[in-house]
Amino acid sequence: HGNLQSGTLPYDFSRRLLDLAGRQSKLKYAYLTTSGAMANECAMRVCMQKRAPGHRIMAFEHCFMGRSLTMTSVGDNAAARDGLPVNTAVDYIPFWSDAAAAKIGGKTKFIDYALGEVERYATRYPKGHACFVMELIQGEGGFNVPPKEFLEELMKACRRHEIPIWDDEIQAFGRTSQMFAFEHFGLGDYVDVFCVGKMTHACAALWTEDMKPRPGLLSGTFTGSTVDFTVGLSVLDQLENGGFYGDEGLFAQHQAAFRAQAEALVAKHPEWFPKTDDVLSPIGGVGGMMRLTPFGGAKDKIMAAAKAIYAEGAITFWCGHGPFHLRLLPPLPVLKLEEWPRIFAVLERGLAKV
């Protein structure tokens, strides 16, 4: 399927996604892509055209945006840019951290600090920003879950400065207490541009009427295959009708089961979970995004733990830029609640090898 020849499935997928997104947002249009990075590229173009000649990007520290040249320029990971030029001007805003908030004097002071950074950059570059791109819950950055007030105050500041808000949910979509992370936080009215991928198989950039680009900005001869949209439609239907969301939904039950097992493991092996100034709690996450922080978040030990756990029979990965964490993204729609003890037995055997 592409712009020169296409069946009806891309439209069907787009319409379904927009109907779901529009329940609690003003998102009205969609453009389909073959990767999350390309969805982000399209979102950036929409924002830049709207705000031209403003071209700077505000982004959160520790964000991950994808692997294209421009997305590695925006993402806050120097290793991903090794040997590559930086082609985009980015101003980084501190993302929420429980530990950083505690050090600075609490939630209100940390929010004020982040707001001050937004105001500083907006004042330094008047009308110079195309957007503020936000992972509402950071993925690679550490499965960091902020309080609603943190995000909302920054979004209000963006509104004051007419800076479009771009919500990147390529990792968080479908995995929180609601289908969309902006629904989880109740912040859909602030979202101007939105990106989704991975779980949906087909990837997409969405935007509101006010952000509608001029003809010719977005185009592509290949937007995906029939199977992408067929599976994507099935995924959306299952997410809507599977009983996954809400305080009593399956994902909340899995998060509770994960935390119960994690708390038991921490109590059994406190030596694996030392308290540090940077790790206030070894257990974190929301819904299907789960985080465990053994060994004080030391990078070498976290990486060794993930490999040892894999050898024992479970797949984990790491996230964060210091402290580092074990990242769990279990297949919750098919995982049974009674399997969590067996999963943690594997984790325990792997951690014991480090």
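The values are calculated or read from the model by the stated rules, or taken from the named source; none is laboratory data. Note that the structure is predicted; figures quoted are calculated from it, not measured. A quick note on method: Cβ atoms are made from the backbone with ideal geometry, for glycine too, and the neighbour counts reach across all protein chains shown.
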* Which one of these is within 14 Å of the chain's Cα centre (by Cα), touching a residue at least 40 places away in the same chain (Cβ under 8 Å) and under 23 Å from residue 74 (Cα atoms): 205, 181, 157? -> 181
* Within the stretch 116-154, track down each residue that is in a helix (DSSP H, G or I) and over 21 Å from the mean Cα position of the chain (by Cα). => 116, 117, 119, 120, 121, 122, 123, 124
* Test residue 194 against the stated conditions and say whether it is surrounded by 22 or more Cβ atoms within 10 Å (Cβ to Cβ), touching a Leu at 6+ places or on another chain (Cβ under 9 Å) and part of a helix (DSSP H, G or I). => no
* Asked: What do you reckon, is residue 258 within 30 Å of residue 17 (Cα to Cα), part of a helix (DSSP H, G or I), of a type outside the set (D, E, K, R) and touching a Leu at 6+ places or on another chain (Cβ under 6 Å)?
  -> no
* Structure fact -> Among (1) in contact with a Pro (Cβ under 7 Å, 6 or more places away or on another chain); (2) not assigned by TED's automatic domain parsing to the domain that holds residue 32; (3) not charged (D, E, K, R), residue 269 falls short only on (1)
* Test: residue in the stretch 160-173 that is touching a Pro at 6+ places or on another chain (Cβ under 8 Å) and small (Gly, Ala, Ser) -> no
* Asked: Would it be correct to say that residue 293 is touching a strand residue (DSSP E or B) at 6+ places or on another chain (Cβ under 9 Å), among the hydroxyl-bearing types (Ser, Thr, Tyr) and closer than 16 Å to residue 145 by Cα?
  -> yes
* Asked: Restricting the stretch 222-262 to residues that are exposed (fewer than 13 other Cβ atoms within 10 Å of the Cβ) and of a type in the set (D, E, K, R), which is nearest to residue 285 (Cα to Cα)?
  -> 247
* Asked: Out of curiosity, is residue 113 closer than 20 Å to residue 129 by Cβ, in a helix (DSSP H, G or I), in contact (Cβ under 8 Å) with a residue 12 or more places away in the chain and not hydrophobic (A, V, I, L, M, F, W, C)?
  -> yes
* Structure fact -> The number of residues in the stretch 1-24 that are crowded, with 17+ Cβ neighbours inside 10 Å, small (Gly, Ala, Ser) and more than 18 Å from the chain's Cα centre (by Cα) is 1
* **Wholly within the stretch 264-354, strands (runs of 3 or more DSSP E) carrying at least 3 residues that are in contact (Cβ under 8 Å) with a residue 60 or more places away in the chain** => 283-286, 289-292, 325-328
* Do the conditions hold for residue 286, that is, is it in contact with a Ser or Thr (Cβ under 6 Å, 6 or more places away or on another chain) and either hydroxyl-bearing (Ser, Thr, Tyr) or surrounded by 12 or more Cβ atoms within 10 Å (Cβ to Cβ) (or both)? -> yes
